[in-house]
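Here is the structure we will look at, set down as structure tokens.
The values are calculated or read from the model by the stated rules, or taken from the named source; none is laboratory data. No experiment lies behind these values; they were computed from the predicted model shown. No Cβ is skipped: glycine too gets one built from the backbone with ideal geometry, and neighbour counts run over all protein chains shown. Ligands, DNA and RNA are excluded from the accessible area calculation, which covers all protein heavy atoms including side chains. Shrake-Rupley method; radii C 1.70, N 1.55, O 1.52, S 1.80 Å.
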Amino acid sequence: MSGGNFVPGTLKTALTEHWPEYLIEAWALGTFMISAGLIATLLGFPGSPVHRLIPDPMLRNVLAGAAMGLTAIALIHSPWGKRSGAHMNPAVTLTFLRLGKTRGADAVFFIAAQSIGGLLGVLVVAAALGPAFTAPPVSYAATMPGPAGPWIAFLAELTISAALMFVILTLSASARLARFTGVAAGTLVALYISLESPLSGMSMNPARTFASAAPGMLWENFWIYLTAPVLGMLGGAQLFLAVRGAQRLACAKLLHPADVRCIHCGYQPARLPTRAGALQGVSGRIEP
């Protein structure tokens, strides 16, 4: 792995030295799930005044997509999100592990933190809103196949996950475009919720689906959201490698500021660098 000679060692060493990044991942997905739960209840609970005001389900999907896309962008661009890399998703973490851009110990703790954080976020909303959130039709904001059935949901999750990862890798590989990676990811989340959610509920994230499925014991179609996002993102990464090549891979962070450390590539900010130095330190190259 490029970006420095920092080697974490054992799981204990990784936990001792990288625990702030792990807590950030828990906070990030937990916050995302709190936002998802509030928005789902506001728009989906029949007793909500917003639900009554907006009877068109497509318009409600668009509004939910916009809200969750902005939530994702805010988390990715937050100071904490910039520190951990804002994966918020085991499928993202596993893909970067497959690409050699994060280490096994960090991947283990990232995935555990994402799963626990997401679940705690759902439990917070359940405690605050009660049956309005936990009972149908909101049902813990669970992701479930639409009327087209589970296999269409699987193919939809596979496709949108592959597209998201390909876009992330493509933008982050360019020093000119890398700063737009978070905005692009959030925009895709908004579009997917608006247009694709009737097919699969729009997850792309095993930890996100687990967080809603566990409290409500909604496991019937969990296999879709456990497998399709991972396979899709691995497929998107493989397509990137075929088109751009491994030498174009950047770090495992969605955003890589020059003033915070990176546990993935080992970058350590010795001092506040110039813009040119920051670009070279972050990506290992400067594009014209």
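Karplus-based coupling profile of the stretch 179-188, in residue order and whole Hz: 5, 8, 4, x, 5, 5, 4, x, 5, 5, with θ = phi - 60° in 6.51 cos²θ - 1.76 cosθ + 1.60 and x standing for Gly or Pro. Rolling a 1.4 Å probe over the protein chains gives residue 159 an accessible area of about 90 Å². Placing unit charges on each Cβ (+1 for Lys and Arg, -1 for Asp and Glu) gives the stretch 143-268 a dipole about its Cα centre, and among 214, 146, 175 the Cα reaching farthest toward its positive end belongs to 175. Computed over the chain, relative contact order equals 28 percent, with contacts defined as Cα pairs under 8 Å that lie 6+ residues apart. Placing +1 on the Cβ of every Lys and Arg and -1 on the Cβ of every Asp and Glu, with no other charges, gives the stretch 1-125 a dipole of roughly 100 debye about its Cα centre.
Surface listing: 253, 12, 101 arranged by accessible area from highest to lowest gives 12, 101, 253, probe 1.4 Å. Taken one residue at a time, the phi angles of the stretch 150-166 give Karplus couplings (6.51, -1.76, 1.60, θ = phi - 60°) of x, 6, 5, 4, 4, 5, 5, 4, 4, 5, 5, 5, 4, 5, 4, 5, 4 Hz. Gly and Pro are set to x. Calculated mean residue ellipticity, 222 nm, the chain: -21500 deg cm²/dmol, from DSSP H runs (n ≥ 4) at -39500 (n - 2.57) each, averaged per residue and rounded to 500. Counting only Cβ charges, +1 for Lys and Arg and -1 for Asp and Glu, the dipole size of the chain around its Cα centre is about 820 debye. Note that the stretch 18-144 carries a Kirkwood radius of 15.4 Å, evaluated over its alpha carbons pair by pair. Residues whose amide H comes within less than 5 Å of that of residue 267, counting only those at least five positions distant or on another chain, are 262 (H built at 1.01 Å from N in the peptide plane). Whole-Hz Karplus values for the stretch 52-62 come out as 5, 6, 10, x, 6, x, 5, 5, 5, 4, 5 Hz, taken residue by residue from phi with 6.51 cos²θ - 1.76 cosθ + 1.60 and θ = phi - 60°; glycine and proline positions read x. Taking the centroid of alpha carbons for each part, the stretch 174-250 and the stretch 76-115 are 13 Å apart. Accessible area per residue for the stretch 145-273 is 41 Å², calculated with a 1.4 Å probe on protein heavy atoms, without ligands, DNA or RNA.
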